[in-house]
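Derivation of every value follows stated rules applied to the coordinates shown; laboratory data play no part. For clarity, every value in this text was computed on a predicted model and none was experimentally measured. So basically every Cβ, Gly included, is an ideal-geometry build from the backbone, and we count neighbours across all protein chains shown.
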Amino acid sequence: MLSRQEFKTEHAKVIEWITEYFEKIKSFPVKSQVLPGEIYNQIPGQIPEKGTNIDVLLQDLTEIILPGITHWQHPNFHAYFNANSSIESVFAEFITAAIGAQCMIWETSPAAAELEERMMEWMRDAMGLPAKWEGVIQDTASTATLTAMVCAREQVTNFESNEHGVPGNLRIYCSRQTHSSIEKGAVIAGIGRKNVVPVGAKDELTLSAKQLEIQIETDKASNLLPCCVIATLGTTGTVAIDDLKAISKVCQKHNIWLHVDAAYIGTALFLPEYRWIIDGIEDADSFVFNPHKWMFTNFDCTAYYVRDANHLIRTFEILPEYLKTKTRGSVNDYRDWGIPLGRRFRALKLWFVLRSYGLEGIQDKIRQHIELNRYFAHELMKIKGVYLFQDPILNFTCFQWNRQDDPDGKVLQNEMNALLVDRINKTGKAYLSYTKIANEVVIRVVIGQTYVTREDIDDLLQVIREEITLIS
Ligand SMILES: *Cc1c(COP(=O)(O)O)cnc(C)c1O
């Protein structure tokens, strides 16, 4: 057990540990190679009777825990979407933990609430979101999307669901490639999984405005109640981008809540050349993106924006006696802007990152990643048997190897592609993931770790080449 005075003597050990971790990060296997139970079995079954010192703790951290860590900040982490971090963000997290404020309402830390308000404004304006919208930090995009669904539910049922429960005929529309958080949100919001209706375009990757309109008309004719449309900007599988403008027109016409899920590619809006992605946003109702994916702010930090903050507050506010304050109404009490009461001081890390980088710094980094991705895709195509599944987009490429044209060959093709990814991941030198599109395995590569360099991409290309040669 340490006293506060001991912080001065002991902190250096922790900083040293982190410094070394960053220095050695490329020597660790990106994807943890342990088997289930391997870590669990090394942890004693009971709380130790006597306390231990920091040296022993750090040693155990290195020996027991590190082997079971998948290194998300390794520059060759290319799986899923990144959850990148930065030194600035890590510093801010130290301080957030030290201050340890619980920022549920303005009074429980006015600076946290007011900094949050400003940070949301900074990002809104830099990203070209509508000037009148207001934002709030949430833990994850899943929570923000659930929040949006509950707001949509209350809009369409005129706040009756909050009072008496949810009717069984609410409908939610999205593409087939929409994120799993939509289904989960519908379950939690009481709308029900069966009421989530995928309306795919021909390619099955995006949401079709035309199909959407037909589905809405059909539903209305059968006494179902269209509640919410989810447009995805950057799907998890292939970073497909829905046509927001066309979708927003349909939503306007039928007066349906439009939630925009740009969890991953939202960061691209800091680049004016990608603003077209949110054409039509002024007619949407809510928007979410994750600074904790591609904006150098360590997990967790989600930015949720709404057109009408009053509606959000009316949906979520609950006012017990002990939370009534004199400042109520004149300040933002963010507990009313989402699901949990307790809130971390997340605005601080945004402040550190945005100020240390500046808008230019953010833009430069994102552009570098996009450039590295172009380079990667260009070099990748030179490898025999490799085909790009689609043009590289932002910092994302997806490809297939050993493509078979006859339908019977597709099973083998899928097995080979999955095997390739598995083998690459087992080398520990890079971590990729794959998805299935129209029953075909497609290998995904995201280049978004904060400090990734051209050499790291050359290393990645080398691993792909080697593994292909070995199994060809
Ligand atoms: C990552 C992602 C989510 C979920 O984000 P969390 O913050 O992990 O909940 C939702 N939608 C899309 C499009 C995503 O890429």
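Residue separation times 0.36 nm, minus the C-alpha to C-alpha distance between E273 and I43: what's the value?
Value of the extension gain: 77.7 nm.
Computed about the Cα centre, the dipole magnitude for the range 242-289 is approximately 100 debye when only Lys and Arg (+1) and Asp and Glu (-1) carry charge, each at its Cβ. Checked against a 21 Å cut-off, the cross-linked pairs K293/K365; K132/K293; K324/K349; K384/K410; K26/K384 give Cα-Cα distances beyond that limit for K132/K293; K324/K349; K26/K384. Dipole check for the range 338-472: with +1 at the C-beta of Lys and Arg, -1 at the C-beta of Asp and Glu, and the Cα centre as origin, the magnitude is about 800 Debye.
Convex hull volume of the C-alpha atoms in the range 422-466, normalised per residue: 81 Å³.
Here the average projected area of the convex hull drawn through the C-alpha atoms of the range 381-421 stands at 3.3 nm².
Cβ crowding within 10 Å, taken as a proxy for footprinting-reagent exposure, orders R124, R423 from fewest neighbours to most as R423, R124.
Binning the alpha carbon pair distances of the range 1-147 at 10 angstrom intervals from zero yields the distribution 8, 24, 31, 26, 10, 1, expressed in whole percent.
On the beta carbon distance between L359 and A101, with R0 = 22 Å, the FRET formula returns roughly 0.20. Counting neighbouring Cβ atoms within 10 Å and putting the fewest first, the residues Y304, Y322, Y387 line up as Y322, Y387, Y304. Its Cα gyration tensor gives the chain an equivalent ellipsoid, and the semi-axes of that ellipsoid, as √(5λ) in whole Å with the largest first, are 36, 34, 21. Ranking F352, W337, P167 by Cα position along the charge dipole of the chain, where only Lys, Arg, Asp and Glu carry charges on their C-beta atoms, puts P167 farthest toward the positive end. Evaluated with a Cβ-only charge set (Lys, Arg +1; Asp, Glu -1), the chain carries a dipole of roughly 360 debye about its Cα centre, given to the nearest 20. Projecting the Cα atoms of N290, L388, H254 onto the charge dipole of the range 242-397 (Cβ charges, centred on the Cα centre) puts N290 farthest toward the positive pole.
Centre-to-centre, using Cα atoms only, the range 1-30 and the range 198-212 are separated by 50 Å. Where the centre of each part is set by its Cα atoms, how far does the range 369-393 sit from the range 221-247, in angstrom? After rounding, the separation between the Cα centres reads 28 Å.
When peptides 103-109, 127-133 are sorted by average Cβ neighbour count within 10 Å, with the highest value leading, the order is 103-109, 127-133. Size check on the range 63-134: the Cα extents along the three principal axes, sorted descending, read 47, 32, 18 Å.
Distance between the pseudo-spin-label points of T218 and R403 (7 Å out from Cα toward the beta carbon): 3.2 nm.
Pair-distance distribution P(r) for the range 230-280, from all Cα-Cα distances in 10 Å bins starting at 0: 26, 53, 20, 1 percent. Placing one identical point scatterer on every Cα of the range 257-331 and ignoring solvent, what is log10 I(q)/I(0) from the Debye formula at q = 0.12, 0.15, 0.19 Å⁻¹? Relative scattering, expressed as log10 I(q)/I(0), comes to -0.48, -0.68, -0.89. Rounded to the nearest whole Hz, the Karplus-based 3J(HN,Hα) values (6.51 cos²θ - 1.76 cosθ + 1.60, θ = phi - 60°) of the range 47-58 follow the sequence 5, x, 4, 9, x, 10, 9, 5, 4, 5, 4, 5, with x at glycine and proline. Ranked for footprinting exposure by Cβ neighbours inside 10 Å, fewest first, K50, K220, K349, K202 give K50, K202, K220, K349. Under a 5 Å amide H cut-off, with hydrogens placed 1.01 Å from N, R171 pairs with L225, C227, C228 among residues at least 5 apart or on other chains.
Take the Cα coordinates of the range 42-83, assign each an equal point scatterer, and use the Debye formula without solvent to give log10 I(q)/I(0) at q = 0.19, 0.20, 0.22, 0.26 Å⁻¹. Log10 of I(q)/I(0), two decimals: -0.72, -0.75, -0.82, -0.96. Packing here is the average count of other Cβ atoms within 10 Å per residue, and on that basis the peptides 5-11, 459-465, 146-152, highest first, run 146-152, 459-465, 5-11. Once the gyration tensor of the Cα atoms in the range 189-313 is diagonalised, the equivalent ellipsoid follows with semi-axes of 25, 17, 14 Å, ordered largest first.
Dimensions of the range 321-401 based on its C-alpha atoms, expressed as ranges along the principal axes with the largest first, amount to 69, 28, 17 Å. Computed over the range 372-469, the quotient of the alpha carbon radius of gyration and 2.2 N^0.38 Å is 1.03.
Per the Debye formula on identical point scatterers at the alpha carbon atoms of the range 391-447, with no solvent, log10 I(q)/I(0) at q = 0.27 Å⁻¹ is -1.11. Applying the Karplus relation 6.51 cos²θ - 1.76 cosθ + 1.60 with θ = phi - 60° to the range 293-305 yields 3J(HN,Hα) values of 9, 10, 10, 6, 10, 5, 3, 10, 6, 10, 9, 10, 10 Hz, where x marks Gly and Pro. Spatially, the range 80-128 and the range 400-472 are offset by 36 Å when compared through their Cα centroids.
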